[in-house]
Amino acid sequence: MQAPKTGTETETDRETDTALAVASAAIHAAIQDVSRRPEIHSFFDESTFTVSHIVVDPATHTCAIIDSVLDYDAASGRTSTRGAQSLIDFVQARALRVEWVLETHVHADHLSAAPLLNQRLGGRLAIGAHISIVQDVFGKVFNAGSDFARDGSQFDHLFVDGETFALGHLQAVALHVPGHTPACMAYVIGDAVFVGDTLFMPDYGTARCDFPGGDAAMLFRSIRRLMALPDATRVFLCHDYKAPGRERYAWETTIEAQRLGNLHVHEGVSEQDFVALRQQRDAALPMPRLILPSVQVNMRGGKLPEPEANGMRYLKIPVNGV
């Protein structure tokens, strides 16, 4: 299995990328055979601009839930399950069986509802194997102590690049697409790819790369890798912020639309130009509103810190630390 290349991608690189070839073959098969395509139901959380997806194999009624949201009010420190309950209600109303609860990365803008979904619906919680890098970096930022494992053991499964897995009868492939974070994954399921925070809608561009461990050049290579998937591949995003002039939120596009029209990284944009654009843009962006609570919860697989002696759970705010 091969990770994204360390240099500028060429056609030869693409030809020798075994993981990409396996993913592309699965997509081609699904494009040609409707029974290999998933049904996808998306749920938008406007307070964090996050899209969660329920991906269903119609033949077996099994499903995966990707990038769930636990509601969190920063002013009061209170959580609620309003958004997650919508996912639970949908799954139960249709008598679906949850096989996977997937995270594309450690999110910095919302708390994951994965533990609640596991408790209520079952399924295996999974993320990319490079989560250990993120845990090491932010374990130090939050002074998480020796009790905090930095090996990804909070998750049921850690995907490596090119790993194949099944969702019912549907073929799926995990692709490592670092850049936004070192541990970002994209999940190919049938004819669809779930890209997390690599790409936004073509009229909005790409994700930031200025968090610890982020790398704009690496993101460029990861995106070029995704753009080598078949043009007809359905692309599902994790966020949308409504580009200027667009009236509705959107989260589904295609590889062809991204390749030809992405504002930041369309065909013809060089790595050097993309890095310069991304770095300039990132320097002007504020930190996400929920970055401090989100990261310290999500690096634990969505679990809140353990209660202290008084029975209360506490989130840390590192002053001048991020």
Handout entry: Label point distance in nm, ASP231-GLN92, each placed 7 Å from Cα along Cα→Cβ
Key = 4.6
Fill in the blank from the handout: Once both label points are put 7 Å beyond Cα along the C-beta direction, the HIS169-MET287 separation in nm becomes 5.0
Handout entry: Those aspartates and glutamates that a straight Cα-Cα span of less than 15 Å connects to LYS303, excepting residues fewer than 8 apart in one chain
Key = ASP67, ASP71, GLU103, ASP147, ASP156
Practice task
Only Lys, Arg, Asp and Glu count, each charged at its Cβ (+1, +1, -1, -1), so figure out the dipole size of the chain about its Cα centre, rounded to 20 debye.
Solution key: 640
Problem - Förster radius 22 Å - calculated FRET efficiency between SER47 and ALA243 (Cβ-Cβ, nearest 0.05) - result: 0.70
Fill in the blank from the handout: Of the range 96-127, those with amide N under 12 Å from the point 7 Å along the Cα→Cβ vector of HIS157 are 99-103, 123-127
Exercise for the section: Express the carbon and sulfur contribution to the solvent-accessible surface of the chain as a percent, rounded to the nearest whole number, probe 1.4 angstrom. Expected result: 51
Fill in the blank from the handout: the chain, Gaussian network, Cα under 10 Å: of ASN310, ASN262, ASN143, the residue fluctuating most is ASN310
Practice task
Based on the mean of other Cβ atoms within 10 Å per residue, sort peptides 194-201, 295-302, 248-255, 22-29 so the most packed one is first.
Solution key: 194-201, 295-302, 22-29, 248-255
Handout entry: Shape box of the chain [Cα atoms, principal axes, largest first, Å]
Key = 59, 48, 41
Practice task
Determine the percent antiparallel among the DSSP beta bridges restricted to the range 151-259, to the nearest 5.
Solution key: 85
Practice task
Find the relative contact order for the chain and round it to a whole percent, using C-alpha pairs within less than 8 Å whose residues are 6+ positions apart.
Solution key: 19
Handout entry: Per residue value of the accessible surface for the chain (all protein chains in place, 1.4 Å probe), Å²
Key = 43
Problem - Most fluctuating residue given options ARG234, ARG78, ARG289, as computed from a GNM of the chain linking Cα atoms under 10 Å - result: ARG78
Problem - Antiparallel bridges, percent of DSSP beta bridges restricted to the chain (to nearest 5) - result: 70
Completion exercise
the range 25-175: antiparallel bridges as % of DSSP beta bridges, rounded to 5, reads 65
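The values are calculated or read from the model by the stated rules, or taken from the named source; none is laboratory data. Source: prediction; values computed, not measured. Don't worry about glycine lacking a Cβ; one is built from the backbone with ideal geometry, like all the others, and counts go over all protein chains shown. To get the accessible areas, we keep the full protein, side chains included, count just its heavy atoms, and leave off ligands, DNA and RNA. Shrake-Rupley method; radii C 1.70, N 1.55, O 1.52, S 1.80 Å.
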